[in-house]
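First comes the structure, then the notes that go with it.
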Amino acid sequence: MTSVRSAPGAPETALSGSGTRAVLIGTGTHAPDTGLPNVPAVRTTLFDLKQALIRNCGMAERNVKVLTDPRSPRDVGRVLTESAKQATEVLLVCYVGHGLVSPRGELYLATKSTEPELLAYTALAYATVRTSLLLSSASSIVVILDCCFSGI
């Protein structure tokens, strides 16, 4: 494994390789008419997680993508697809925000534009995320969901 360190003295870990990528996604603000409450801790959570990956896990800062309050599922899809293509060792994806369940029992990850009545059009289907990640050549894929209904 080739190590790319972001700070002097950063540890060499399974996440410090040059083929490792992390995508940290969080939606903390929503339009008032959606009925979804804002989650003020999202921004701080993403910042703290990014710092921990760099300082404690030795990840190169350029290998950590943070997407805060994505406007649409498409915005998330672009970042996930790009990172999944680049990852050859570990691909770490973390989502923080609202998780919603469709009438068919499918999990959706909220974006800034999410409208619960138009879930399939305004939120990101977790099945789509899973499909994107499985196309990666990364030897390990880790997904962390910090949202309601993440156990579905």
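So here's what we get for this one:
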| item | result |
| --- | --- |
| Estimated vicinal HN-Hα couplings, Hz - the range 113-121 in sequence order (Karplus 6.51, -1.76, 1.60; Gly, Pro = x) | 8, 4, 10, x, 6, 10, 3, 5, 9 |
| MRE, 222 nm, helices only [DSSP H, n ≥ 4, -39500 (n - 2.57), over the chain, to nearest 500] | -8000 deg cm²/dmol |
| For the chain, built as a Gaussian network whose Cα springs stay under 10 Å, the top-fluctuating residue of 126, 108, 95 | 126 |
| Relative contact order for the chain, counting Cα pairs under 8 Å that sit 6 or more residues apart, in percent | 28 percent |
| Within the range 1-115, percent of DSSP bridges classed antiparallel, to nearest 5 | 25 percent |
| Helix 73-86 vs. the chain, principal-axis angle (Cα, 0 to 90°, nearest 10) | 20 degrees |
| Qualifying trypsin sites (Lys or Arg not before Pro) for the range 64-101 [loop in DSSP, other Cβ within 10 Å: at most 16] | 71 |
| Sequence of 144, 54 when ordered by accessible area, the most exposed leading, probe 1.4 angstrom | 144, 54 |
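The values are calculated or read from the model by the stated rules, or taken from the named source; none is laboratory data. These numbers were taken from a predicted model, which means no experiment stands behind them. Every residue, glycine among them, receives a Cβ derived from its backbone with ideal geometry; neighbour counts consider all protein chains shown. Areas reflect the complete protein model, heavy atoms only, side chains present, ligands, DNA and RNA absent. Shrake-Rupley method; radii C 1.70, N 1.55, O 1.52, S 1.80 Å.
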